[in-house]
Amino acid sequence: MEAHFPPLFLLTKKGGEFNAFGKEFTLLPSAGKVGALSSTQTIFDVAQIQAKELFAAGINLNYAPDCDINTNPKNPAIGDRAYGDNEVQVSKAVSAVVRGHIIQHVEACIKHFPGHGDTHVDSHDSLPVVTTPLETLRKREWIPFHKAMKSGANFLMSAHLLLPEIDPKRPGTFSETFMTKYVREELMFQGVVVSDDMQMGAVLNTFGKEKLRF
């Protein structure tokens, strides 16, 4: 079924250091701290507070939650942006966050597909190369994404990651293999796919500005 959306006003608000507004809004804990409580109800309640305030400010799309699993504790990009270090914990959390947003009339955008939790460099600076096998992605990284989709997420953000064992030439954002074969066909996601920031080092330092004219 084709989805129809009103005009979208969006930002990223996830708690912790990612507080897009001032002190007039509730300062919420990071995903890592909320996830550590292992209480789905608490995560749901926090998401509702977040979404209710966003809606009151005229925002109807939040670029959250992160579905990334913090499998690499030295990951410079994710850290406490993740709800946990295993697929079960993160799946329960992101499902609660998506539902908490929807009930308050705010769309959630799940990210960063195909999974940013096992990287060793920050894609804001350079292109991460990930060697995680496809079967591990299916059994670990993609479980939270699938759970969030089933919970009603209509938006998905791609990641600027190169997985050479699956697509040796194109990072996830630019890869038909990932965006069509896996997102659309295997996970059967029919919502809106957006890219991560095209001004990030992973893109500019790999392709250059002159090749980003679509």
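So the values come out like this:
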| item | result |
| --- | --- |
| Tally of residues being aromatic (Phe, Trp, Tyr) and either without any contact (Cβ under 8 Å) to a residue 60 or more places away in the chain or loosely packed, with under 15 Cβ neighbours inside 10 Å (or both) across the stretch 170-194 | 2 |
| Residue match in the stretch 145-162 (condition: without any contact (Cβ under 8 Å) to a residue 60 or more places away in the chain, on the phi > 0 side of the Ramachandran plot and surrounded by 20 or more Cβ atoms within 10 Å (Cβ to Cβ)) | no |
| Output for the stretch 106-118, where each listed residue is in contact with an Asp or Glu (Cβ under 9 Å, 6 or more places away or on another chain) and in a loop (DSSP other than H, G, I, E, B) | 114, 115, 116, 117, 118 |
| Members of the stretch 69-93 that are in contact with an Asp or Glu (Cβ under 8 Å, 6 or more places away or on another chain) and either at pLDDT 90 or above or assigned to a helix (DSSP H, G or I) (or both) | 69, 70, 71, 81, 82, 83, 87, 90 |
| The stretch 110-124 residues that are in contact (Cβ under 8 Å) with a residue 24 or more places away in the chain, paired with ones that are in a loop (DSSP other than H, G, I, E, B) and polar (S, T, N, Q) (beta carbon under 6 Å, 6 or more apart) | 117/70; 117/71; 118/71; 118/72; 118/132; 119/75 |
| Considering residues of the stretch 88-125 that are within 16 Å of residue 173 (Cα to Cα) and in contact with a Pro (Cβ under 7 Å, 6 or more places away or on another chain) only, the residue surrounded by the most Cβ atoms within 10 Å (Cβ to Cβ) | 110 |
| Residue tally, condition farther than 17 Å from residue 131 by Cβ, in contact with a Gly (Cβ under 9 Å, 6 or more places away or on another chain) and assigned to a strand (DSSP E or B), over the stretch 150-182 | 3 |
| Test for residue 132: is it over 16 Å from the mean Cα position of the chain (by Cα), in a loop (DSSP other than H, G, I, E, B) and polar (S, T, N, Q) | yes |
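The values are calculated or read from the model by the stated rules, or taken from the named source; none is laboratory data. On a predicted model such as this, the values are computed, not experimentally measured, just so you know. Methodologically, a virtual Cβ is constructed for each residue, glycine included, from the backbone with ideal geometry; neighbour enumeration extends over all protein chains shown.
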